[in-house]
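For reference, the structure is listed below as structure tokens.
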Amino acid sequence: MKHTSNKTNEALLQRRVEALPRGISYAHGIMAERALNAEIWDVEGNRYIDFCAGIAVVNTGHCHPKVIAAVEAQLKQFNHTCFQVVGYESYISLAERLNKLAPGPTPKKTFFMNSGAEAVENAVKVARAATGRSGIIAFNGAFHGRTMFSVSMTGKIDPYKKDFGPFPAEVYHAPFPYPLHGISEDDAIAGLHNLFKYDIEAKRVAAIFVEPVQGEGGYIPAPPSFLKRLREICDEHGILLVVDEVQTGIGRCGKIFAIEHTDIEPDIITLAKGLGGGFTLSAITGKAHIMDAAQPGGLGSTYAGNPITIAAAHAVLDVIEEEQLCERSMQIGNQLRSRFAKMQNKFSFISEIRNLGAMTGIEFCHDNDPQKPAADIANALKTEAAKRGLLILNCGVYGNVLRIMVPLTISDAVLKEGIDIIESVLTTLS
Ligand code: PLP
């Protein structure tokens, strides 16, 4: 069939429904025409402020001129060789950069994949090869991806796991600290010990995977003391600590790696999203002796570490440094926190404001009662804000958390404009 163009959101949505399976859902019935920094324009010429950033991906903004220039320059050189067939320096130098940036004194090694899920899958492969053990522990509410193994690690049934089982064996879930919903740090640690008692001996566990801030799970920062206790438990039992920084990394939380807010050295870190600035790249960085456990040929993929994406990532890291976007992330987080703290006095349904740097979640519960999660408020806010020119998303096990993922390059004026829209919509919902 010939490609046709009928440029209204409604008409494209109709074609989308007819051409795509419903499993590929949509948050907004809006079709993009172009985007710049923290703004998107749709096919009808409407302008939106973007508080989604392609789900925490364009930390350096849409079409940052330096990222685009780096990609254009690379396109003129070559765009694919398959790194395992014919290598290139930029892949090696990006690995060197991440090895240097990763926290802790142990020498590091890095390789690249395409998506966050692939980074997680490969971290599992490396952890199993390095330990000779099979067990993998993740947390309730975790999101590690949608491929068959990573989705088995994802700790939420609906919609990610529903109808897709059976899942691969040897994946176990422990409680994640969520004080608002009655799960303390001690409860979470007790849950982990229960796994060792009832489900899998600690000496058969290869790795514990943890997000420094649970993303899809509800923008819930892991307490630093909890992460420290995980490190200690891992050390005690010879388990690897894998920190999944796919969403929290590359400045989102005010550091290149969110785990740098603690003094913990993870064994392996997974990265994706912000790393490629919108070009599909993920990375697995870890202690060199662990990363070398997989045999030659055991790791890799046709496209992984594609030169276009690598060029983009080098530019992203340059921009983060030059424009001091980690510091900016902290400022954005402070501004969001102080604005929402004021709103909390006005709206009884704002139960909690959580942030680490710019990664900010606002949890809505009716009458400020955690037993009454208010997904209806989050959904109405999302729909009404879009009508007023602001794109936002919600998340959380109960779907009641507004998550804010602004490009870190957003101006103060556009940030304020976006928050003002949220406040005006919440006023109508109160
Ligand atoms: N890990 C975390 C923490 C994530 O937030 C995500 C995606 O949201 C993934 C893994 C999966 O990444 P991808 O969607 O690129 O496969």
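The values are calculated or read from the model by the stated rules, or taken from the named source; none is laboratory data. Here the structure is a predicted model, which means the values were calculated and not measured. For neighbour counting, all protein chains shown are included, and Cβ atoms are generated from backbone atoms with ideal geometry for every residue, glycine included.
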Given (1) more than 17 Å from Pro407 (Cα to Cα); (2) in contact with a Cys (Cβ under 6 Å, 6 or more places away or on another chain); (3) in contact (Cβ under 8 Å) with a residue 40 or more places away in the chain, Gly254 misses just (1)
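Which of the strands (runs of 3 or more DSSP E) contained wholly in region 1-73 include at least 1 residues that are more than 27 Å from Pro307 (Cα to Cα) and either of a type in the set (Phe, Trp, Tyr) or more than 22 Å from the chain's Cα centre (by Cα) (or both)?
Qualifying strands (runs of 3 or more DSSP E): 39-42, 47-50.
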Would you confirm, using the coordinates I've provided, whether Ala202 is touching a Gly at 6+ places or on another chain (Cβ under 7 Å) and hydrophobic (A, V, I, L, M, F, W, C)? no
Out of region 5-58, which residues are within 16 Å of the ligand (Cβ to nearest atom), surrounded by 15 or more Cβ atoms within 10 Å (Cβ to Cβ) and of a type in the set (A, V, I, L, M)? Ala53, Ile55, Ala56, Val57, Val58
Let me confirm something: among Ala174, Ala190, which residue is modelled with pLDDT of 95 or more, over 30 Å from Ile404 (Cβ atoms) and either among the aliphatic types (A, V, I, L, M) or under 22 Å from the mean Cα position of the chain (by Cα) (or both)? Ala190
Considering only region 401-420, state which residues are hydrophobic (A, V, I, L, M, F, W, C) and surrounded by fewer than 23 Cβ atoms within 10 Å (Cβ to Cβ). Ala413, Val414, Leu415, Ile419
Where residues in region 197-225 are surrounded by fewer than 21 Cβ atoms within 10 Å (Cβ to Cβ) and touching a residue at least 12 places away in the same chain (Cβ under 8 Å), which of them is nearest to Thr360 (Cα to Cα)? Pro223
Out of Thr302, Thr270, sole residue that is modelled with pLDDT of 95 or more and either outside the structural domain of Gly217 (by TED's automatic domain parsing) or within 16 Å of the ligand (Cβ to nearest atom) (or both): Thr270
Name, by its number, the condition in (1) part of a strand (DSSP E or B); (2) more than 16 Å from the ligand (Cβ to nearest atom); (3) under 30 Å from Ile310 (Cβ atoms) that does not hold for Tyr172. (3)
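Restricting attention to region 235-263, report how many residues are surrounded by fewer than 22 Cβ atoms within 10 Å (Cβ to Cβ) and either in a helix (DSSP H, G or I) or not assigned by TED's automatic domain parsing to the domain that holds Val316 (or both).
Summing the residues that are surrounded by fewer than 22 Cβ atoms within 10 Å (Cβ to Cβ) and either in a helix (DSSP H, G or I) or not assigned by TED's automatic domain parsing to the domain that holds Val316 (or both) in region 235-263 gives 5.
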Can you name every residue in region 63-91 that is of a type in the set (Phe, Trp, Tyr) and surrounded by 12 or more Cβ atoms within 10 Å (Cβ to Cβ)? Phe83, Tyr88, Tyr91
